[in-house]
Amino acid sequence: MALDALFSWYIEKRISRITKFTNEAESCQAKVLHDLISQAQNTSFGNTYHFSEIEDYAIFKSKVPLGDYNSLKKYIELAKEGTSDVLWPGKSIWFAKSSGTTGERMKVLPVTKDALHNNHHAGGKDILALYYKNYPSRKLYSKKHLVIGGSGEIQLINQDIFVGDLSAIIVKNLPWWTEYRRTPAVEIALIADWEEKLERMAQTTLNENVALIVGVPSWTLLLIKRILKITGADNIHEVWPNLELYIHGGMNISPYLEEFNKISDPGKLNFMESYNASEGCFGLQDQKDHRDLLLLTDAEVFYEFIPMEFFDGINSKVIMDLNCVEINTEYALVISTSSGLWRYIIGDTIRFTSTAPYRFVVSGRTTQYVNAFGEKMIVKQTEEAIALACKACNAHITDFTVGPYFNSTKSNGGHEWMIEFEQEPKDLSHFEEEIDRILKALNSDYETKRFGNINIDFPKFNYLKPKSFEAWLKKKGKLGGQHKVPRLMNDRSIIEDLISAKE
């Protein structure tokens with residue numbers, strides 16, 4: 001169709017820009033920092049920290065302190081009250097709600113017009129350009145694009161100041177040519193009640209000609225399974241024969257891949273990952289057969305990195321820019337953006353897999369780990385372990401979380417797993433042994449401390465009835481597209497919550 005040809009021509013024009021920031025990442029980052037500082041020098045924040053005197057990264061690092069939500073909150077509150085030129089030039093009218101993965105407190109983060117268009121929207125266009133490059137002659141535009149967002153409620157809080165989930169802000173401000181192909185209708189996409197929204201989405205999209213889905217894996221699976229139940233189909237390609245692309249993010253897809261393969265025709269569904277958080281869009285999958293992400297170095301975000309061995313929150317002393325990073329080192333991610341988040345510790349950890357070009361994986365959260373016995377267990381290791389164990393034992397999970405347990409009699413302890421299955425393994429003992437074996441292979445500290453069951457004993461496993469995690473999220477007010485179950489906690493708060501609900 002003419003529309004497909006026109007869209008293909010338009011989107012593929014972005015490849016030259018992507019190639020430039022891929023091959024010239026360091027110079028792109030230097031320019032981004034210069035532009036951010038130059039534009040914000042007359043803001044309240046810029047005046048406080050003398051942006052007019054900053055000429056390079058070394059001066060920037062010496063003058064501007066590391067920040068987190070607490071340190072920037074007073075500026076954000078001023079902007080939310082309608083004050084102009086606080087963290088970024090002009091008046092910020094959009095604020096994204098973000099509770100993080102573990103926090104009970106709701107954060108409210110500015111999303112400026114510059115960041116919306118030149119970061120979030122740009123990232124969406126870039127991932128489509130990369131898809132067209134990797135899979136030539138696509139015909140996506142003549143078909144529907146299903147966007148599964150989070151809770152869509154948008155609150156008007158002060159004249160023209162709005163607060164809502166990032167996905168709702170993006171949907172409300174999509175370019176016309178994107179909105180033209182998006183489904184479901186806005187009034188359904190912005191329903192706040194997730195259970196009602198899921199049912200309405202299923203009923204209204206099952207007869208659409210969907211070629212592309214965007215959403216978090218766990219909630220996307222829920223929607224697809226509801227559609228299969230309504231239609232009686234065995235797999236989603238019986239409903240949407242032209243479905244070819246799933247853009248996912250927000251959590252590691254590895255534990256869910258087997259389930260996606262189960263509900264789709266083999267080889268028909270292509271996967272691409274996007275690292276798009278409330279704070280910004282930072283990375284995209286640019287290769288067909290590798291899931292590490294290309295760092296977006298020319299998207300109005302300047303990056304810094306704190307090696308996790310030196311991480312001490314805003315008091316961290318070892319901070320570096322892109323020029324100094326190494327592969328296979330865990331870093332806490334620090335960002336400065338055109339939304340006015342300055343040297344902001346986002347809470348995610350990443351690990352570079354390549355520095356030419358700069359590709360990385362999201363490895364976890366600075367607050368999500370288990371280190372009760374010196375094992376330094378991170379999210380990515382547990383996700384990989386359960387994915388491999390499920391594959392070996394022909395099992396499929398719905399969700400899981402891990403925390404420590406303590407044995408006062410033996411003066412040791414171990415890890416306690418809470419798992420909800422979509423399909424249980426036939427041999428649970430073998431499944432449990434596989435998880436322990438794989439973790440030993442992935443984490444040498446865990447392997448050492450597991451030796452002889454002296455420091456760390458064999459894991460405990462609790463198996464939850466269906467919809468247990470969904471009920472837990474609902475109880476916490478976090479049911480919906482962008483919320484997710486914390487994978488790891490270094491205390492027993494979530495474990496005890498789930499055990500109590502089980503009893």
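Residues in segment 309-334 that are closer than 11 Å to LEU66 by Cβ, touching a Lys or Arg at 6+ places or on another chain (Cβ under 8 Å) and buried (at least 21 other Cβ atoms within 10 Å of the Cβ): VAL334 only. Note on segment 50-82: residues that are of a type in the set (Val, Ile, Thr) and on the phi > 0 side of the Ramachandran plot amount to 0.
Of all the residues that make up segment 1-24, how many are surrounded by fewer than 13 Cβ atoms within 10 Å (Cβ to Cβ) and either touching a Cys at 6+ places or on another chain (Cβ under 7 Å) or farther than 19 Å from TRP177 by Cα (or both)? Selection size over segment 1-24: 3. The condition (being part of a helix (DSSP H, G or I) and either at pLDDT 85 or above or not assigned by TED's automatic domain parsing to the domain that holds GLY164 (or both)) is satisfied by just one residue among ASP491, ASP399, ASP445: ASP445. Among the residues of segment 349-389, the ones that are over 17 Å from TRP417 (Cβ atoms) and of a type outside the set (S, T, N, Q) come to 13 in all. Consider ASN407 carefully, then state whether it is surrounded by fewer than 20 Cβ atoms within 10 Å (Cβ to Cβ), over 26 Å from the mean Cα position of the chain (by Cα) and under 25 Å from SER500 (Cβ atoms). So ASN407 passes the test. Return yes or no: is THR353 buried (at least 18 other Cβ atoms within 10 Å of the Cβ) and either out of contact with any helix residue (DSSP H, G or I) (no Cβ under 9 Å at 6 or more places or on another chain) or not charged (D, E, K, R) (or both)? No. Say whether the condition of being on the phi > 0 side of the Ramachandran plot and either free of Cβ contacts under 8 Å to residues at least 24 places away in the same chain or assigned by TED's automatic domain parsing to the domain that holds TRP94 (or both) is met by at least one residue in segment 235-245. No, there is no match, as no residue in segment 235-245 is on the phi > 0 side of the Ramachandran plot and either free of Cβ contacts under 8 Å to residues at least 24 places away in the same chain or assigned by TED's automatic domain parsing to the domain that holds TRP94 (or both). Across segment 303-314, the number of residues qualifying as in contact with a strand residue (DSSP E or B) (Cβ under 8 Å, 6 or more places away or on another chain) and in a strand (DSSP E or B) comes to 6.
In segment 317-331, of all residues being in a loop (DSSP other than H, G, I, E, B) and out of contact with any Phe, Trp or Tyr (no Cβ under 6 Å at 6 or more places or on another chain), the one that is modelled with the lowest pLDDT corresponds to ASN328. What do you reckon, is VAL402 under 21 Å from LEU498 (Cβ atoms), in contact with a Lys or Arg (Cβ under 6 Å, 6 or more places away or on another chain), among the aliphatic types (A, V, I, L, M) and buried (at least 18 other Cβ atoms within 10 Å of the Cβ)? No, not satisfied.
Among the candidates SER8, SER71, SER62, single out the residue that is part of a helix (DSSP H, G or I) and without any contact (Cβ under 8 Å) to a residue 24 or more places away in the chain. Full working, then the answer.
On the way: SER8 fails: without any contact (Cβ under 8 Å) to a residue 24 or more places away in the chain; SER71 fails: without any contact (Cβ under 8 Å) to a residue 24 or more places away in the chain.
Going through SER8, SER71, SER62 in turn, the sole match is SER62.
When SER27 is tested against (1) crowded, with 19+ Cβ neighbours inside 10 Å; (2) more than 26 Å from VAL111 (Cβ to Cβ), just one condition goes unmet, and that condition is (1).
All told, ASP165 meets the bar of being at pLDDT below 85, surrounded by 21 or more Cβ atoms within 10 Å (Cβ to Cβ) and charged (D, E, K, R). Cβ-Cβ contacts under 9 Å between residues 6 or more apart (or on different chains), taken from a first residue in segment 419-433 that is in the same structural domain as LEU498 (by TED's automatic domain parsing) to a second residue that is charged (D, E, K, R) and surrounded by fewer than 15 Cβ atoms within 10 Å (Cβ to Cβ), are listed as GLU420/LYS465; GLU420/LYS467; GLU422/LYS262; GLN423/LYS262.
Just one of LYS288, LYS268 is within 21 Å of ARG226 (Cα to Cα) and surrounded by fewer than 16 Cβ atoms within 10 Å (Cβ to Cβ); which is it? Working first, answer last.
Values: LYS288 fails: within 21 Å of ARG226 (Cα to Cα).
Residue meeting the stated conditions: LYS268.
The values are calculated or read from the model by the stated rules, or taken from the named source; none is laboratory data. Nothing here was measured: the structure is a model prediction, and the numbers come from that model. Methodologically, a virtual Cβ is constructed for each residue, glycine included, from the backbone with ideal geometry; neighbour enumeration extends over all protein chains shown.
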